[in-house]
1. Run A:ALA531 past the list (1) more than 25 Å from A:ILE607 (Cα to Cα); (2) more than 7 Å from chain B (Cβ to nearest Cβ); (3) in contact (Cβ under 8 Å) with a residue 24 or more places away in the chain and report the number of the one that doesn't hold.
2. In the range B:422-441, is there at least one residue being under 30 Å from A:HIS588 (Cα atoms), out of contact with any His (no Cβ under 9 Å at 6 or more places or on another chain), surrounded by fewer than 20 Cβ atoms within 10 Å (Cβ to Cβ) and among the β-branched types (Val, Ile, Thr)?
3. Which ones in the range B:478-499 are facing another protein chain (nearest Cβ under 7 Å) and surrounded by fewer than 16 Cβ atoms within 10 Å (Cβ to Cβ)?
4. Within the range A:49-95, which residues are among the aromatic types (Phe, Trp, Tyr) and under 32 Å from the mean Cα position of the chain (by Cα)?
5. Taking into account only those residues within the range B:274-288 that are among the small types (Gly, Ala, Ser) and either under 31 Å from the mean Cα position of the chain (by Cα) or part of a helix (DSSP H, G or I) (or both), which is surrounded by the fewest Cβ atoms within 10 Å (Cβ to Cβ)?
6. Of the conditions (1) in contact (Cβ under 8 Å) with a residue 40 or more places away in the chain; (2) in contact with a helix residue (DSSP H, G or I) (Cβ under 8 Å, 6 or more places away or on another chain); (3) within 7 Å of chain A (Cβ to nearest Cβ); (4) closer than 30 Å to B:ALA563 by Cα, B:TYR503 fails just one. Which one is it?
7. For A:PHE326, are the conditions met, namely being in the same structural domain as A:SER241 (by TED's automatic domain parsing), surrounded by fewer than 24 Cβ atoms within 10 Å (Cβ to Cβ) and touching a Phe, Trp or Tyr at 6+ places or on another chain (Cβ under 7 Å)?
Number of protein chains: 2
Amino acid sequence: MLQKFMDILIGEPLANEQGAQEKYNVPFGLAIMASDAVSSVAYAAEEILLYLVPAIGLLAYNWLTWVSLAIIGLLVILTISYIQIIRAYPQGGGAYIVAKENLGVKPGLIAGSALLIDYILTVAVSASASVAAITSAFPQLDSYKVAIVIILIAVLTILNLRGISESSRIFSVPTYIFIFSMIFMILYGLFKYFILNVPPNQLVDPIKSGEMMENLSIFLILKAFSSGCSALTGLEAVSNSVPNFKKPSQKSAKTVMILLTSLILFIFGGTSFLARFYQAVPLQEGPTVVSQLAYGVFGSGIMFYVIQFSTAIILLMACNTAFTGFPMLMYVVGKDGYAPRQFTIRGKRLGFTFGILALSCVACFLVFIFKADTHLLIPLYSVGVFISFTLAQSGMVMHWKSAKEDGWKYRACINGFGAIVTLITTGIIASEKFFDGAWIVILLIPSIMFVMLKVHKHYEHVASGLRISERALKEVDFKIKYYHLVIVPIASLNRATIGALQYAQSISDNVIALNISTDKIAMEKLKSKWALLDTDILLVSKYSPYRAVVTPILNYIDQISKAAIDNERITVVLPEFETHEKWGSILHNHTGFFLRESLLRKDKIVIATFPYHLGDAE
Amino acid sequence: MLQKFMDILIGEPLANEQGAQEKYNVPFGLAIMASDAVSSVAYAAEEILLYLVPAIGLLAYNWLTWVSLAIIGLLVILTISYIQIIRAYPQGGGAYIVAKENLGVKPGLIAGSALLIDYILTVAVSASASVAAITSAFPQLDSYKVAIVIILIAVLTILNLRGISESSRIFSVPTYIFIFSMIFMILYGLFKYFILNVPPNQLVDPIKSGEMMENLSIFLILKAFSSGCSALTGLEAVSNSVPNFKKPSQKSAKTVMILLTSLILFIFGGTSFLARFYQAVPLQEGPTVVSQLAYGVFGSGIMFYVIQFSTAIILLMACNTAFTGFPMLMYVVGKDGYAPRQFTIRGKRLGFTFGILALSCVACFLVFIFKADTHLLIPLYSVGVFISFTLAQSGMVMHWKSAKEDGWKYRACINGFGAIVTLITTGIIASEKFFDGAWIVILLIPSIMFVMLKVHKHYEHVASGLRISERALKEVDFKIKYYHLVIVPIASLNRATIGALQYAQSISDNVIALNISTDKIAMEKLKSKWALLDTDILLVSKYSPYRAVVTPILNYIDQISKAAIDNERITVVLPEFETHEKWGSILHNHTGFFLRESLLRKDKIVIATFPYHLGDAE
């Protein structure tokens, strides 16, 4: 029943051999990458204004331009640095791999943890921002925001469990709609304002010039800058997926990287510039800045809704890139033994079920806690991204240094400069956003790293304990005949215990039936029944005045196993009756379960369960 | 660590033989019984006024007397009827036993369910009323009411898990303080009012004579009557515990019953009478009626606090009687096979741990849901009690009819009259209180009964499936030698799987190593390693393109078991490595667990777990 429902939801299983993936050409690759990287412009300018407007009023629009220019500068530096990574890691080099290979395991794990947090936040932030775009067009949905976001994440989870990579080519359509309508909005907006001199439509009352409350300070500018840095998240995606591009893959990846940067540059710069003249007002609740711009340029016509919907869809697709990235990164980390092995198992549709579900649960939890409010979530966002940027760039410096190929000094300088700039930015973001929530991430990264190291230690311990050399393999004695003692704990004589006793005497001549009784009358009854049996199996019957059953059995078996010789094996056969009613099991004592759990920890003991099927008797 | 903490909290285990219980003499027995039965007067008069005052204003005090008289009449009838039960069931006859023996299983279960609900409500209502007595004296605690009630229930739970029956003799002190101070309050109050003509102190503004909002109706009087019936709860306790009294136990029990009734009569009648002249005002929130009377009579002197505290303590003791009654009833029902067997197991301190915990959890849940408000809880209360009264009385009629001893007609008439009166009362309460919450109880009783019947059927099914006759016992063949086939599922060759294979070949010559691989390279690697082994064990290796492991193993074993002859047993040996880190197990696949669960449902299969201890290798 449940199985059938899951089959319909997730789809029929796919064989290993069906996993070949389509490669990206440039326009398709650009669409895939753009969803994550370009979509963040939908909230970046707003985050900058959110700090500036309440503090310095109208002056904010002036400073918006400058802050945006600083961020665009950073974008250019990062792009050049990342093109280097594409060059050096044609097999795909995420921050985790670059940092691990060049700086060591711990920096690698730091970058990995930062990226994992980043992916989770991508889902939470993008899904929330997507719904914010929808509620800007339909304010009546505002109070269902959290529910809508969680439903969207659930839908994405199901789609990813089915595996949507094959069909994602159709997803490039909304990306291009978004890109072109944003470009059109910027150009037409500027044309209307400067050439036609049409005053903008106002969706929200503009702020008044007198509303300045604070002096302009470097502190404020840094805060605005660190908020705007969220525009740069998603930039690293191209370098991770070099091998997914059509041949020549490095060249295609580089082209996509440059196109991507140009798009961010134009759209982010353009909206910031437009926001200055159209005086969009950042609001804690209500229409987004982009929606105000769209309304300012187009009024409430069709283009307004096109912008809102394509924003919503591209943000959802940004979400979706995390659904590919997170499980893939967990797989890589898991293969290295730093994450639970479950993350390395492909589900029946070839997706990493465990990773997809983990991402979705944590993201939903965040959305719920932060009430789907992007303004609360974004302060957590950029710090992880910039930590991984810094580590990747630093790793590249070491890479060039050790590779020493032609022009390595020049290349090391580029990445070194990138590392310094991103390190400074990380510092700015971490300090400016510390009390807004960045502290959570700064605490989480070492915690995740600690858990990863613990996990690795555990796997190492298990592997070294189980490992056996080829020489030892050849020498294993497969003719050994153990001396077998079989113990059958019984509470009474019934079909199940008798079956277990019969089985026991047929694997060994040394069988002990062990009875621990909490009731003297029942004990005597068992003894007199036992006398009827035609058997030489020894019945050991003990009275337990404190009504414990498990402990006396364990103690008895302990005594025997301590006296056991080297070649002796003690098999404990536990009779267990099985009913067809699943709920029935809660009506019985779980002595067998507790015995088994405790016996597993003892030496020279094998625990066998003899199931007796009640249905059979009827 | 946890074990030690629990030992301190609950105490050292007690042996079966330490369970002998002290018998009650009359004064001690009266104190024990009075806590439940007499304590309800602390809220009964208030419940009556709560319906009358808002409707008919000052006239309410007049009608209070009449309603109280009707309830006292009912009390007398019930007392006479219950003395008959004491006579007929010297071994203790609760409503469950009387109804089951004389009317059949289903009426017995109805009475049992009603009593169980009653016990749960006794805890919820009495604990809430106890805290209401405290907050009447200290109004500043009012907002912590729910928390205080839940803490008190938790303390009672711990005390009962320790077993408090031995020390309960000291608990008769507060009972007698309560009884004597209530009697003193009534007498002194009447003396002050009628002889000294002192006007009462008013804790709460009295109602004005003009505040009549409704006409007096029979409906209203019935509603008040059904609310007041909560005064009669706890009356059945004496008949349940006849064997606990000192010899001659029936005579002692009868004496206690009569004393008890006199006390209820005087204290309930007296407070109702006093409330009339002192014009206590029932409040949804704020001081209780009893506390207003105490203030009216004594002012804020020491006696006011004595009354409040002894009320609080006697109500807590009433709670405590449910902690004895509920687990005992669950034990009796469980012994009969209508409740999960866990309820029949004595914990290490000889109390019925399961019953005590179940009672405490459900009661806390009710307190939480109903916000510790006695006015909301009481409408649920009396209906269950009166259903069990009615069934017990009807059962007694059948008892006398079949026993046919001297004067049986006369006795049957008494119980018959009791049955009719309680049936009518049940009807009144059920209809008047239906929408106030009685519907919950009326729905719950058949639901509980349904579950009990289901549980019984399950136990019957299991017992009949397992049962084996003495003749069959004698004929069991304990010399049978099965043909053994051993299957060892392995993923790779390591110390654990090799140990399991060694064990397997030593219990049978027919061993199959079964490998299901999701990865062709790993499969080839295993095969080449296998070739190194000096063994003739057959390796069956299968590739699973859909990455399922459990299902192919099950299918393979299924095929084999279907082909198995009658005397063949298939033992599946599952290698399992054990680490000392408990959390480690979540890092591994649980293939073994799922295999075991599924294999238990198959025929002719024994599942053995071969544990390999990782610590040993180091």
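The values are calculated or read from the model by the stated rules, or taken from the named source; none is laboratory data. This one's a predicted model, so the numbers in the text were calculated from it and none came from an experiment. Cβ sites come from the backbone with ideal geometry, for glycine too, and all protein chains shown count toward neighbours.
1. Single failed check for A:ALA531: (3).
2. We begin by selecting, within the range B:422-441, every residue under 30 Å from A:HIS588 (Cα atoms); these are B:440-441.
Okay, now just the ones that are also out of contact with any His (no Cβ under 9 Å at 6 or more places or on another chain), so B:440-441.
This time we only want the ones that are surrounded by fewer than 20 Cβ atoms within 10 Å (Cβ to Cβ), so: B:440.
Right, trim to among the β-branched types (Val, Ile, Thr) and you get B:440.
Scanning the range B:422-441 turns up at least one residue that is under 30 Å from A:HIS588 (Cα atoms), out of contact with any His (no Cβ under 9 Å at 6 or more places or on another chain), surrounded by fewer than 20 Cβ atoms within 10 Å (Cβ to Cβ) and among the β-branched types (Val, Ile, Thr).
3. Matches in the range B:478-499: B:ILE480, B:LYS481.
4. Filtering the range A:49-95 down to residues among the aromatic types (Phe, Trp, Tyr) leaves A:51, A:61, A:63, A:66, A:82, A:89.
Hits for the range A:49-95 are A:TYR51, A:TYR82, A:TYR89.
5. Initially, the range B:274-288 is screened for residues among the small types (Gly, Ala, Ser), giving B:275, B:280, B:286.
Imposing the further condition that a residue be either under 31 Å from the mean Cα position of the chain (by Cα) or part of a helix (DSSP H, G or I) (or both) reduces the set to B:275, B:286.
Details: B:ALA275: 27, B:GLY286: 16.
Per the stated criteria, the residue is B:GLY286.
6. For B:TYR503, the exception is condition (2).
7. Details: in the same structural domain as A:SER241 (by TED's automatic domain parsing): yes; surrounded by fewer than 24 Cβ atoms within 10 Å (Cβ to Cβ): no; touching a Phe, Trp or Tyr at 6+ places or on another chain (Cβ under 7 Å): yes.
For A:PHE326, the condition - in the same structural domain as A:SER241 (by TED's automatic domain parsing), surrounded by fewer than 24 Cβ atoms within 10 Å (Cβ to Cβ) and touching a Phe, Trp or Tyr at 6+ places or on another chain (Cβ under 7 Å) - is not met.
Condition check ((1) in contact with a Pro (Cβ under 7 Å, 6 or more places away or on another chain); (2) farther than 30 Å from B:ILE97 by Cα; (3) buried (at least 23 other Cβ atoms within 10 Å of the Cβ)) across all residues:
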{"residue": "B:LEU115", "(1), (2), (3)": "no, no, yes"}
{"residue": "B:LEU121", "(1), (2), (3)": "no, no, yes"}
{"residue": "B:LEU141", "(1), (2), (3)": "no, yes, no"}
{"residue": "B:TYR144", "(1), (2), (3)": "no, yes, no"}
{"residue": "B:ILE148", "(1), (2), (3)": "no, yes, no"}
{"residue": "B:GLY163", "(1), (2), (3)": "no, no, no"}
